[in-house]
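The values are calculated or read from the model by the stated rules, or taken from the named source; none is laboratory data. These numbers come from a predicted model, not from an experiment. We place every Cβ from the backbone using ideal geometry, glycine too, and count neighbours over all the protein chains shown.
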Amino acid sequence: MQKHIKPRDFRSFDRIIATWPDNTAEHQRARLLDAMRLCAGITTLEAMRYLDVIDPRTRVVELRREGYRIVTSWVCQPSECGRLHNVGLYTLAGVATDIITGTKVTPLTKSGSSQLVLALWH
């Protein structure tokens with residue numbers, strides 16, 4: 001497990017929210033992708049707090065099905081009440097169909113489970 005990381009300042013996510021304001025699954029996935037690109041990763045708590053993605057795990061699964069290689073690692077981060085929790089840190093390792101630009105990019109893996117790829121990645 002990685003060391004404790006301090007939550008980021010929510011103001012850094014204002015541009016992302018302004019770009020993708022709807023609460024659709026598509027916009028939630030786009031917000032996660034933007035945040036992973038901007039911050040080189042985002043935690044589950046940050047996605048819920050600052051990007052208005054209620055269950056980021058579901059959106060990450062959907063992005064993996066689209067061909068994005070997203071690595072999950074574990075970090076400690078405080079909740080709203082200050083207690084430390086082990087949470088997922090999602091990091092983008094590659095892209096397939098870019099939601100933001102709509103361009104098609106060949107996925108890094110064409111077959112097999114994303115979970116298998118993740119397991120072999122480490």
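Within segment 56-68, being within 11 Å of the chain's Cα centre (by Cα) and in a loop (DSSP other than H, G, I, E, B) holds for one residue alone: Tyr68. If you take the residues of segment 18-29 that are part of a helix (DSSP H, G or I) and buried (at least 21 other Cβ atoms within 10 Å of the Cβ), which of them is farthest from the chain's Cα centre (by Cα)? Among those that are part of a helix (DSSP H, G or I) and buried (at least 21 other Cβ atoms within 10 Å of the Cβ), it is Gln28. Would you check which residues across segment 38-48 are surrounded by 14 or more Cβ atoms within 10 Å (Cβ to Cβ) and modelled with pLDDT under 90 and list them? Residues satisfying the conditions are Leu38, Cys39, Gly41.
Taking residues in segment 47-61 that are of a type in the set (Val, Ile, Thr), and partners anywhere that are surrounded by 13 or more Cβ atoms within 10 Å (Cβ to Cβ), the pairs with Cβ atoms closer than 6 Å and at least 6 places apart or on different chains are Val53/Gln28; Val53/Ala47; Val53/Arg59; Val60/Ile70; Val60/Tyr90. Is it fair to say Pro56 is under 25 Å from Trp20 (Cα atoms), modelled with pLDDT of 95 or more and surrounded by 15 or more Cβ atoms within 10 Å (Cβ to Cβ)? So Pro56 fits the description; yes.
Scanning segment 93-113 for residues that are in contact with a strand residue (DSSP E or B) (Cβ under 6 Å, 6 or more places away or on another chain) and either modelled with pLDDT of 50 or more or of a type in the set (Lys, Arg) (or both) turns up Ala93, Gly94, Lys104.
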